[in-house]
Amino acid sequence: MDKKHYDLWAEVPSPIKSRLRNVFSAYAEDLNAYIPAQVGGNMTKEEYLKEWKPKDLPDACFLMDFGECADPVFAALAEKVYEKPKIQAWFPEVMAVDLKRLGNRKIPEAYDDLLREEYLGEICLIGNAKMPDPLTSLYILRKYGAEGLNSFVRNVASFAPPSETLRHLGHPSNSYGSIFLMPPLFAQICLEKAAARVVIPQTGALAEPMLLYQKSSAPAKEKIRTFFESTTFRDLMADYQMPVFGDHRFRIDESCGKLATEEELTIVFQTFRNHS
């Protein structure tokens with residue numbers, strides 16, 4: 001990839017890519033923004049910022065916490081190049097429950113309930129056994145340690161995207177599980193089914209932080225910050241159930257403000273591999 005200058009680099013979930021690109025372009029036609037087609041492990045090697053030289057890094061980055069942010073190589077680069085990152089928004093997950101498959105078992109009320117033996121083989125996560133969505137696992141690891149994480153992982157039956165599992169929820173064809181951890185944008189579709197229930201714990205949804213990194217001397221620093229603090233950005237994110245920081249229309253578990261470390265994510269991923 002040609003390392004041309006980028007005012008903004010944004011690695012964001014698929015549902016908001018196109019709209020964020022269009023809205024930001026309309027706001028700042030004079031600025032050069034880039035949004036990779038993929039995020040996480042699906043990006044090309046040239047799109048990993050940790051591979052870049054410090055002088056080539058974008059003036060601002062909007063990144064997911066479980067991606068490069070937790071990588072020590074990128075973290076070292078970011079410490080040299082950027083101001084301290086700010087949590088600008090959240091990518092939450094809730095529990096969508098298939099009441100038919102769950103049967104007489106109690107509907108889980110909190111993520112903590114997912115450690116219980118009665119949910120053995122009943123949990124479906126996004127991702128795969130080698131690279132599962134780590135959000136709930138990270139919460140469990142921090143609160144209950146390795147033993148609790150093992151209990152949770154034992155209960156995981158399958159891995160699949162919501163686009164694949166939604167049509168099976170409430171039907172005999174459901175072989176994925178009775179408890180699906182997924183973004184609210186997809187979970188709300190489940191409410192159209194009589195056999196479905198969406199659970200958001202009283203303490204709030206778990207959520208992955210979305211971080212804004214900025215160079216202190218970037219010419220467009222204030223213009224980009226103004227965009228991310230605008231009602232336009234807030235409303236865009238709210239439409240996709242990804243609230244900005246401080247949007248009190250959404251409940252986010254207060255524990256999510258602690259950023260992930262490479263060590264924590266390594267423990268999570270290795271635990272899943274040990275059970276596969």
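The values are calculated or read from the model by the stated rules, or taken from the named source; none is laboratory data. Predicted model only: the values in this text are computed from it and were never measured. Backbone-built Cβ (ideal geometry, glycine too); neighbour counts: all protein chains shown.
Structure data summary
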| quantity | calculated |
| --- | --- |
| In region 244-272, the residues that are more than 20 Å from residue 134 (Cβ to Cβ) and part of a loop (DSSP other than H, G, I, E, B) | 245, 246, 247, 248, 249, 250, 251 |
| Odd one out for residue 87, checked against (1) surrounded by fewer than 20 Cβ atoms within 10 Å (Cβ to Cβ); (2) assigned to a loop (DSSP other than H, G, I, E, B); (3) within 21 Å of the chain's Cα centre (by Cα) | (2) |
| Yes/no for residue 187 being under 21 Å from the mean Cα position of the chain (by Cα), crowded, with 17+ Cβ neighbours inside 10 Å and outside any loop (DSSP other than H, G, I, E, B) | yes |
| Members of region 123-165 found to be at pLDDT below 95, touching a helix residue (DSSP H, G or I) at 6+ places or on another chain (Cβ under 6 Å) and in a helix (DSSP H, G or I), listed by number | 162 |
| Tally, over region 191-226, of residues that are surrounded by fewer than 19 Cβ atoms within 10 Å (Cβ to Cβ) and under 27 Å from residue 5 (Cα atoms) | 10 |
| Residue in region 215-231 that is in contact with a helix residue (DSSP H, G or I) (Cβ under 8 Å, 6 or more places away or on another chain) and among the aliphatic types (A, V, I, L, M) present | yes |
| Scope region 115-150; condition more than 19 Å from the chain's Cα centre (by Cα) and closer than 16 Å to residue 177 by Cα; matching residues | 115, 116, 117, 118, 119, 120, 121, 122 |
| Scope region 142-178; condition in contact with a Ser or Thr (Cβ under 8 Å, 6 or more places away or on another chain), closer than 12 Å to residue 275 by Cβ and not β-branched (Val, Ile, Thr); matching residues | 149, 150, 152 |
| Of all residues making up region 133-154, the number that are touching a residue at least 40 places away in the same chain (Cβ under 8 Å), more than 14 Å from residue 93 (Cα to Cα) and crowded, with 19+ Cβ neighbours inside 10 Å | 3 |
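Matching residues to (1) closer than 23 Å to residue 263 by Cα; (2) small (Gly, Ala, Ser):
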| residue | (1), (2) |
| --- | --- |
| 18 | no, yes |
| 23 | no, no |
| 45 | yes, no |
| 62 | yes, no |
| 100 | no, no |
| 106 | no, no |
| 111 | yes, no |
| 115 | yes, no |
| 123 | no, no |
